1. Every residue in segment 85-100 that is of a type outside the set (Lys, Arg) and away from the ligand (no atom under 13 Å from the Cβ), please.
2. Of the residues GLY55, GLY44, which single one is on the phi > 0 side of the Ramachandran plot and open to solvent by less than 50 Å² (accessible area, probe 1.4 Å)?
3. Please give the number of the condition GLU7 fails out of (1) in a loop (DSSP other than H, G, I, E, B); (2) within 15 Å of the ligand (Cβ to nearest atom); (3) touching a residue at least 40 places away in the same chain (Cβ under 8 Å).
4. When you check ARG45 against the structure, is it over 22 Å from GLY109 (Cβ atoms), of a type in the set (D, E, K, R) and more than 10 Å from the ligand (Cβ to nearest atom), yes or no?
5. Kindly provide the set of residues from segment 20-41 that are surrounded by fewer than 21 Cβ atoms within 10 Å (Cβ to Cβ), more than 6 Å from the ligand (Cβ to nearest atom) and assigned to a loop (DSSP other than H, G, I, E, B), ordered by number.
6. Just for segment 10-19: of the residues that are open to solvent by 50 Å² or more (accessible area, probe 1.4 Å) and free of Cβ contacts under 8 Å to residues at least 60 places away in the same chain, which one is farthest from the ligand (Cβ to nearest atom)?
7. Considering (1) over 18 Å from GLY60 (Cβ atoms); (2) away from the ligand (no atom under 15 Å from the Cβ), say which one TYR161 fails and leave the rest.
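The values are calculated or read from the model by the stated rules, or taken from the named source; none is laboratory data. Since the model is a prediction, treat every value here as computed from it, not as a measurement. Cβ placement follows ideal geometry from the backbone for every residue including glycine, while neighbour counts extend to all protein chains displayed. Accessible surface is based on the protein model in full, side chains and every heavy atom, while ligands, DNA and RNA are left aside. Shrake-Rupley method; radii C 1.70, N 1.55, O 1.52, S 1.80 Å.
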Amino acid sequence: MAEVRLEATQGDITRQRVDAIVNAANSSLLGGGGVDGAIHRAAGRELLEACRQLGGCPTGEARATAGFRLPARWVIHTVGPVWSGGKRGEPELLASCYRRSLEVADELGIRSVAFPAISTGAYGFPGQLAAEIAVNTVRSANTEVELVRLVAFDAETFVLYRKALDNRS
Ligand code: APR
């Protein structure tokens, strides 16, 4: 198993030229604000139709659809935990989002995946802990995916990703 190439960038996930981008969705998979809204706007109406067929997604799980008008061929929808203090399994559920998204990628022969900072917006998950969970989970994943790109929308998140990547834990 080759080691995953893990990188961080600051930008808009809807513009990433990778096989799959990950959406930080809610359990209905019927769209929302934040990155969910941006991905649906960029992919077009067909994405919502495809999501309707999936019948929702539990927290920590992942489901794939086509990318439609996005540069990425696939969208992997995952549902992050809402932060409620850290004592209700939120860290483990966030790790599951990264792990299950990579497993779904492997099932589809996907080789490059871009992730947003899942749960760190509306769901209130602390940014530094989320960045550490993202990096550690991807690094320890047993996956055929060759490139994982952590896409920060804002500068603060980008700094947190850089710090987490520099800590060779
Ligand atoms: N590209 C990359 N990252 C983005 C983009 C974008 N175009 N737009 C927003 N983000 C970032 C936010 O800045 C944040 O760092 O995505 C991260 C996750 O924030 P949210 O989109 O609020 O997602 P989350 O915290 O997981 O909350 C999910 O919000 O939009 C609804 O339907 C969604 O109910 C669900 C909830």
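1. Within segment 85-100, GLY85, GLY86, GLY89, PRO91, GLU92, ALA95, SER96 meet the criteria.
2. The unique qualifying residue is GLY44.
3. The single condition GLU7 does not satisfy is (1).
4. Answer is yes for this residue.
5. Once the filter is applied, which keeps residues that are surrounded by fewer than 21 Cβ atoms within 10 Å (Cβ to Cβ), more than 6 Å from the ligand (Cβ to nearest atom) and assigned to a loop (DSSP other than H, G, I, E, B), segment 20-41 yields SER27, SER28, LEU30, GLY31.
6. Looking only at segment 10-19, we keep the residues that are open to solvent by 50 Å² or more (accessible area, probe 1.4 Å), and these are 10, 12, 15, 17, 19.
Now drop any that are not free of Cβ contacts under 8 Å to residues at least 60 places away in the same chain, which leaves 15, 17.
Details: ARG15: 8, ARG17: 14 Å.
Top of the filtered list is ARG17.
7. Among (1) over 18 Å from GLY60 (Cβ atoms); (2) away from the ligand (no atom under 15 Å from the Cβ), TYR161 violates only (2).
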